[in-house]
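The values are calculated or read from the model by the stated rules, or taken from the named source; none is laboratory data. Just so it is clear, the model here is predicted, and its values are computed rather than measured. Virtual Cβ from ideal backbone geometry, glycine too; neighbours counted across all protein chains shown.
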Amino acid sequence: MKKYTNTGNKDTRSGFGDGLAELGRTNENVVALCADLTGSLKMDEFKANYPERFFQTGIAEANMIGIASGMTIGGKIPFTGTFANFSTGRVYDQIRQSVAYSEKNVKICASHAGLTLGEDGATHQILEDIGLMKMLPGMTVINTCDYNQTKAATIAIAEHVGPVYLRFGRPKVANFTTADQKFEIGKAVNLTEGKDVTIIATGHLVWEALIAAEQLEEKGISAEVINIHTIKPLDEAAILASVKKTGCVVTAEEHNFLGGLGESVARTLTLNHPTPQEFVATNDTFGESGTPEELMEKYGLNADAIVKASEKVIKRK
Amino acid sequence: MPNTQEAAFQINNAEMPNTQQLEDFVTQVRRDIVRQVHKVNSGHPGGSLGCAEFITALYQDVMDYNSNFNMDGIGEDLFFLSNGHISPVFYSVLARSGFFPVEELNTFRLLNSRLQGHPTTHDGLQGVRTSSGSLGQGMSVAIGAALTKKMNNDSHLIFTLHGDGELQEGQNWEAIMYAAGNKVDNIISTVDLNGQQIDGATDEVLPMGNIKAKFEAFGWDVLEVKEGNNITKIIEGLKEAKSRTGKGKPVCILLHTIMGHGVDFMMHTHKWHGVAPNDEQLKDALAQNPATLGDY
């Protein structure tokens, strides 16, 4: 099985910040907006280097989304930055009417998604945002797995015409994808080849899936790990090709099982190739305060949970 | 006035229309409004009628725009309708200013029409730059467009229209605060002060206090047009507002209108906010507003 090396823990939000700073250099139409979380979103470099293209909206996310929509009229490519909770649930109708239905080229960039936000607790730990965003017609939904991929995705979405939701996180996590990767929206990345079970993971759960695959290998189980960074549009061909080979699937995400990646995969399978599936996701619950590791353990979102789900789903074949 | 010769309808070609021509235009717009909502037995005639003079003033006199529509709108004035439910007046003025065929008003609110109940960019209707209808969002979008104009060194202006009841939506006050705090001085936002909303008088539904003082407290330059259904006074007010742009403050016009203006039985009441006239009422409304430019 192919092995991956962690080149050193880094936060995905820094990948966003560094990607945005690079866009500042390479694309004069890119503008950035932030609702009083510039440091948290790692937007400081863009702000310092391109102050005329940086817009501080204050703690007013609805207004920020509206302004971003309007800025596209005349050719700008706005990137909004705030926590995932305030990027989606708080401003759903603004995104729905002024961005998605109005077909505006806005990039909604959301940090601190999911439980790994940690100690701030459930008020800030949104586990519903993938569902909210993927239900909007025309919205592209991306959840990146590490620093390098987040940086590459940030740069790639500037070239995509249309609204995008880019989801990433707070903690420092393994950085294992290549620094020079080309990020292709809607294109799954096959990380390992296997024949017994397909593990389809997104975001922080991709690294956990790789750890799980190693543990499964020690048990004589061959797992095929797919990194689905783009939840919409979903790479159905890649999923079906793998599942036809393995005959069962585990989906893994830092999100509620309702509305998340798992449901999108389930729909694809139901329509094309009905297959046993297990969900590694939160179980229709809010989070709570704790360290990221404690929370991922308590809510069953780590390598151990993926191993157990894999063993269970294989028995259902 | 349009800044191209592309318009399907133009008054006196390049010359500014005189007051009689503008009033004739408004009368035809009123006919278009009541005919649109009557045909499909739905829509919002009250606020549409109240703003017929204002939207006409924008598109037939004050704004410098290209009726050969381009979404980016570089080098022209832009208008954003935030209270999207008054789409009948918006559609009528857009069509009669050359953005799309006047006959298309026949499709208002019908299946497969570009003239949706509330305006949208979704179906490529020329003249519409944002979807509106869910209230309170238009000013933010307009501020974004205004900021892009500044970044593009485009000296043209952004015009907006909002209902007075719409100001109950909190997002407006985020936008009002932002625009003043960031010296967005290339925007003229007009509030249609007709004092009515669906459930009744605004003072009864949710008293909003002194709206002028509120805008001023947030840092806007505010002027009032007391006769908001007098097109001459509206144009004077809009020109005064234009003269106050570029001076570090966003500009607000408080436009005192009468909901349902021009159709006597619809005036001074909230009851025609979202109700269509029946056949007999349509006949009465049309008799009060004889055709001037020809019905579609």
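Quick notes on this structure:
- In region A:64-84, residue surrounded by the fewest Cβ atoms within 10 Å (Cβ to Cβ) [restricted to those that are in a helix (DSSP H, G or I) and at the interface with another protein chain (Cβ under 7 Å from one of its Cβ atoms)]: A:Met71
- Subset tally (residues that are among the small types (Gly, Ala, Ser) and in a helix (DSSP H, G or I)) for region B:169-189: 4
- For the criterion of being in a strand (DSSP E or B), in the same structural domain as A:Glu193 (by TED's automatic domain parsing), in contact with a Lys or Arg (Cβ under 7 Å, 6 or more places away or on another chain) and modelled with pLDDT of 95 or more, A:Ile231 passes.
- Any hit, region B:190-202, residues being of a type in the set (Ser, Thr, Tyr), under 21 Å from B:Asp77 (Cα atoms) and in contact with a Phe, Trp or Tyr (Cβ under 8 Å, 6 or more places away or on another chain): yes
- Residue selected from region A:166-218 under the condition surrounded by fewer than 24 Cβ atoms within 10 Å (Cβ to Cβ) and acidic (Asp, Glu), by the criterion farthest from the chain's Cα centre (by Cα): A:Glu218
- Between A:Thr57, A:Thr88, the distinction of being crowded, with 24+ Cβ neighbours inside 10 Å, touching a residue at least 24 places away in the same chain (Cβ under 8 Å) and either of a type in the set (D, E, K, R) or over 18 Å from B:Val184 (Cα atoms) (or both) belongs to A:Thr88 only.
- Region B:109-128, subset modelled with pLDDT of 95 or more and facing another protein chain (nearest Cβ under 7 Å), residue farthest from B:Leu254 (Cα to Cα): B:Thr121
- Residues of region A:86-105 that turn out to be among the hydrophobic types (A, V, I, L, M, F, W, C) and away from chain B (no Cβ under 11 Å), as a count: 1
- Contact map, region B:56-82: residues that are within 12 Å of another protein chain (Cβ to nearest Cβ) and among the charged types (D, E, K, R) paired with residues that are surrounded by 24 or more Cβ atoms within 10 Å (Cβ to Cβ) and assigned to a loop (DSSP other than H, G, I, E, B), Cβ distance under 8 Å, separation 6+ or inter-chain. Pairs shown: B:Asp72/A:Ile73.
- Residue within region A:43-56 that is of a type in the set (Asp, Glu), outside any helix (DSSP H, G or I) and at pLDDT 95 or above present: no
- Counting residues in region A:196-205 that are in contact (Cβ under 8 Å) with a residue 24 or more places away in the chain, on the phi > 0 side of the Ramachandran plot and in the same structural domain as A:Leu240 (by TED's automatic domain parsing) gives one or more.
- Of the residues making up region A:79-99, those that are within 19 Å of the chain's Cα centre (by Cα) and more than 21 Å from A:His255 (Cα to Cα) are A:Phe79, A:Thr80.
- Flag if A:Lys312 is surrounded by fewer than 23 Cβ atoms within 10 Å (Cβ to Cβ) and touching a Phe, Trp or Tyr at 6+ places or on another chain (Cβ under 9 Å): no
- Qualifying residue in region B:66-73 (condition: crowded, with 24+ Cβ neighbours inside 10 Å and touching a Ser or Thr at 6+ places or on another chain (Cβ under 8 Å)): no
- Total residues in region B:129-154, condition more than 9 Å from every other protein chain (Cβ to nearest Cβ) and touching a helix residue (DSSP H, G or I) at 6+ places or on another chain (Cβ under 8 Å): 1
Table: residues versus (1) part of a loop (DSSP other than H, G, I, E, B); (2) of a type in the set (Val, Ile, Thr).
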{"site": "B:His122", "(1), (2)": "yes, no"}
{"site": "B:Gln126", "(1), (2)": "yes, no"}
{"site": "B:Leu135", "(1), (2)": "yes, no"}
{"site": "B:Val141", "(1), (2)": "no, yes"}
{"site": "B:Ala146", "(1), (2)": "no, no"}
{"site": "B:Thr160", "(1), (2)": "no, yes"}
{"site": "B:Leu167", "(1), (2)": "no, no"}
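- Residue among B:Gly228, B:Gly163 that alone is in contact (Cβ under 8 Å) with a residue 60 or more places away in the chain, under 25 Å from A:Met71 (Cα atoms) and more than 13 Å from every other protein chain (Cβ to nearest Cβ): B:Gly163
- Residue ID - nearest to A:Glu184 (Cα to Cα), chosen from residues in region A:220-265 that are hydroxyl-bearing (Ser, Thr, Tyr) and under 15 Å from the mean Cα position of the chain (by Cα): A:Thr230
- Which listed residue is in contact with a His (Cβ under 6 Å, 6 or more places away or on another chain), assigned by TED's automatic domain parsing to the domain that holds A:Thr150 and not charged (D, E, K, R), from A:Phe46, A:Phe79, A:Phe83: A:Phe83
- Region B:91-114: number of residues that are more than 22 Å from B:Leu22 (Cα to Cα) and buried (at least 20 other Cβ atoms within 10 Å of the Cβ): 1
- Tallying residues that are within 17 Å of A:Ala201 (Cα to Cα) and in contact (Cβ under 8 Å) with a residue 24 or more places away in the chain within region A:278-303 yields 11.
- Residue count for region A:18-41 satisfying the condition of being crowded, with 16+ Cβ neighbours inside 10 Å and out of contact with any strand residue (DSSP E or B) (no Cβ under 8 Å at 6 or more places or on another chain): 4.
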